[in-house]
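The values are calculated or read from the model by the stated rules, or taken from the named source; none is laboratory data. For clarity, every value in this text was computed on a predicted model and none was experimentally measured. As a convention, Cβ positions derive from the backbone with ideal geometry for all residues, glycine included, and neighbour counts pool all protein chains shown. Heads up: the accessible areas ignore ligands, DNA and RNA and are worked out on the full protein's heavy atoms, side chains in. Shrake-Rupley method; radii C 1.70, N 1.55, O 1.52, S 1.80 Å.
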Amino acid sequence: MTAIQELFAFDAATSALDQVMGRLHWDQETMMPEGAADQRAHEVAALEELLHTRRQDARIGDWLEAAEPRDETDAARLRLLRRDYLRAVRVPADLAAELARTASRGHGIWAKARAADDPAPFLPVLGHMLQLKRDMAQAIDPEADPYDVLIEDYEPGLTGAEIAELFDGMRPRLRALRDAVLGHEGKAPALAGRFTPEAQLALTREVARRFGYDFDRGRIDLAVHPFSSGSGSDVRITTRIDEADPFGCLYSTIHEVGHAAYEQHVSDALALTRLGQGVSMGVHESQSRIFENQLGRSRAFCGWLHGEMVRAFDLTAPADADAFYAAVNRVEPGSIRTESDEVQYNLHIMLRFDLERAMIRGELDVADIEEAWNARFEADFGHRVDRASNGMLQDVHWSAGLFGYFPTYSLGNVYAGCLHAALRADLPDLDDHLAQGDPSPATEWLADRVQRHGSVPEPRAVIEQATGAPVSEAPLLDYLEAKFGALYGL
Ligand code: ZN
């Protein structure tokens, strides 16, 4: 075998083992008996050690040196394998181990601090984690801005400065829209009725099918947190049911179906290779957001969904489709990111992005985070944070050392805005289909323009090739102002 053949065979086996690891995680969240937890921890640790050894196997370096790409796809695969390999070998083993230990310890301390509404016990472990991540960035690339190095794990090819410029351009219009919507007199109607778990699941499965989820190569199960897991021909999603609020189950499922569609539609030729998965967190999130928001929360689709909900449930309110559409898109003041709406969500993300970037660059001390968070929150949201669990302690990410992850949520929204504008221009009668409960023209457009390419093009290139235009925040902001301006009569 030539060097490139050996390297690709090795990559295929590593990719298969990665899928096995994902399946173990899925099982742990859905099916695993409680008494199996200790044994599972050993199973996962053994597999993780094997994967860790493979990622920094010295033969990869030799193969990469000798490998001759035959085409663009080979070149893309070599580029990603080289990037992974360099990141794996440059981080010393003791630093990697200390990062894993601190993340595990940090999670427990964070959960207790959040329950007690007291950041103080969490600050030392957060400070330690920040130092470890700075050390990691330094080991990978001593010349680069440390936050830029960390972003590469989630959204390769973008720098903190580029993201800051994009976000700074969005903030004034988002603040203004938020003020106008919440300053409006009328209150959007709420949902009322009886929503049995069986009926919720049945309707949710039907909606997933209509959004193109392939049940032959996937399944939906219940879990505490909704997620999507796996690539290629085994992509599973989870959902959760709240008897008082069927939107949780429905819309989290549409969101996860967006993630799953990306993985299910990657070209078969890329399956079980480094290229056979979504290219970045931001592009992944763009697929889930466009499914959930631009399609699932559109007036046309809501008209169909209202009819289905009247049939499926004992729905007492809202009585008509317009009021139902307003209920689906209700905007209310709040402090929690995960409960936020399309208008306020990105303001939550930008706050976290600016604070974590300053922390990693040593410009903001852990002792000052709570004050910085609360001051910024009041400026962006117009009301004060009442307690730390509604403020800096609400998200798990920092305890796990996931610095650089937050901005990908808003990048996903920006990309979704670009894709939505382009697909609407290509599909002038899309609303007629959505009104029949049929998003397939849009989901097929996304499968063809974005999803089938897997990780072959770089993240921003995927969006720019699909839309034929540079990435810009303008389409998202135009869409939000038009949609909520009409909903709230602004
Ligand atoms: Zn998501």
key: So L351, is it out of contact with any Phe, Trp or Tyr (no Cβ under 6 Å at 6 or more places or on another chain), assigned to a helix (DSSP H, G or I), away from the ligand (no atom under 16 Å from the Cβ) and under 15 Å from L476 (Cβ atoms)   = no
remark   = Checked V450, V414, V462 against criteria (closer than 15 Å to H259 by Cα and either within 19 Å of the chain's Cα centre (by Cα) or among the hydroxyl-bearing types (S, T, Y) (or both)); the one match is V450
key: Any chance V471 is in the same structural domain as G282 (by TED's automatic domain parsing), more than 16 Å from I163 (Cα to Cα) and in contact (Cβ under 8 Å) with a residue 40 or more places away in the chain   = no
note = Residues in the range 374-393 that are farther than 17 Å from M129 by Cβ and surrounded by 14 or more Cβ atoms within 10 Å (Cβ to Cβ) total 10
remark   = Across the range 24-82, the tally of residues that are touching a helix residue (DSSP H, G or I) at 6+ places or on another chain (Cβ under 9 Å), of a type in the set (D, E) and open to solvent by 80 Å² or more (accessible area, probe 1.4 Å) stands at 3
inquiry  = Being open to solvent by 40 Å² or more (accessible area, probe 1.4 Å), part of a helix (DSSP H, G or I) and within 19 Å of L295 (Cα to Cα) is the filter here; which residues of the range 437-453 pass it?
reply    = E444, D448, R449
query = Yes or no: R361 within 23 Å of R178 (Cβ to Cβ), among the basic types (K, R) and either touching a His at 6+ places or on another chain (Cβ under 9 Å) or assigned by TED's automatic domain parsing to the domain that holds H255 (or both)?
reply = no
message = Being open to solvent by 40 Å² or more (accessible area, probe 1.4 Å) and either assigned by TED's automatic domain parsing to the domain that holds P407 or under 30 Å from Q344 (Cα atoms) (or both) is the requirement here; does A164 meet it?
response = no
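Could you check the range 454-478 and list, in sequence order, the residues that are more than 25 Å from R175 (Cβ to Cβ) and outside any loop (DSSP other than H, G, I, E, B)?
Residues of the range 454-478 more than 25 Å from R175 (Cβ to Cβ): 454-469.
Hits for the range 454-478 are P459, R460, A461, V462, I463, E464, Q465, A466, T467.
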task = Being buried (at least 23 other Cβ atoms within 10 Å of the Cβ), under 27 Å from I151 (Cα atoms), of a type in the set (A, V, I, L, M, F, W, C) and touching a residue at least 24 places away in the same chain (Cβ under 8 Å) narrows it down to one of L434, L411, L477, so name that one.
result = L411
inquiry  = Among the listed residues S280, S298, identify the single one that is small (G, A, S), open to solvent by less than 20 Å² (accessible area, probe 1.4 Å) and more than 16 Å from the ligand (Cβ to nearest atom).
reply    = S298
message = Can you tell me which residue is nearest to the ligand (Cβ to nearest atom) among those in the range 251-275 that are among the hydrophobic types (A, V, I, L, M, F, W, C) and assigned to a loop (DSSP other than H, G, I, E, B)?
response = V266
query = Take the residues of the range 203-250 that are of a type in the set (S, T, N, Q) and either outside the structural domain of R289 (by TED's automatic domain parsing) or within 16 Å of the ligand (Cβ to nearest atom) (or both): which is surrounded by the fewest Cβ atoms within 10 Å (Cβ to Cβ)?
reply = T238
